[in-house]
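Single-structure report; data block below.
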Amino acid sequence: MQEYIPIDLFCHQHGVEISFISSLQDFGLLYTTRIDETEYIAIGQLAEAERLVRLYGDLDINLQGIDVIIQLLQRLNERQTEIQQLKNRLSQYEYLG
């Protein structure tokens, strides 16, 4: 069973407006779940939500900028994975040679 934290509690603890979380959801950067009449963030997404709050609040980056940063970080992670896979393949050939 997945655990959740109410959005209003998260916002209160992090000093952001509920509308900020709604905007993150509109941009596809964060997903929430509605149970009865309350919106929740899954505990598994808590670290990502906190990272987005830091980008927005601490670094004063707007939502469009956050979206670009997240996309670039995802592409960077994909490239790092690809490089590691290529290194592994190369080491197999070096071992055989």
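Only the coordinates and a few stated rules stand behind these numbers; no lab work does. Small disclaimer: the values here were computed from a predicted structure and weren't measured. Cβ placement follows ideal geometry from the backbone for every residue including glycine, while neighbour counts extend to all protein chains displayed.
In table form, for the structure just shown:
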{"quantity": "Computed [θ] at 222 nm, helices only, for the chain once each DSSP H run of length n ≥ 4 contributes -39500 (n - 2.57)", "calculated": "-21500 deg cm²/dmol"}
{"quantity": "Potential lengthening between Arg89 and Arg75 on full extension [0.36 nm per residue; Cα-Cα distance subtracted]", "calculated": "2.9 nm"}
{"quantity": "Percentage relative contact order, the chain, counting C-alpha pairs under 8 Å, at least six apart", "calculated": "23 percent"}
{"quantity": "FRET efficiency, Asp58 to Arg34 (Cβ-Cβ, R0 30 Å, nearest 0.05)", "calculated": "0.55"}
{"quantity": "Radius ratio Rg over Rh of the chain, counting only Cα atoms, Kirkwood formula for Rh", "calculated": "1.19"}
{"quantity": "Of the DSSP H helices in the chain, those whose Cα atoms cover at least 20 Å axially and whose Kyte score averages -1.0 or more", "calculated": "63-96"}
{"quantity": "Residues whose placed amide H lies under 5 Å from that of Tyr4, excluding near-sequence neighbours", "calculated": "Ile43"}
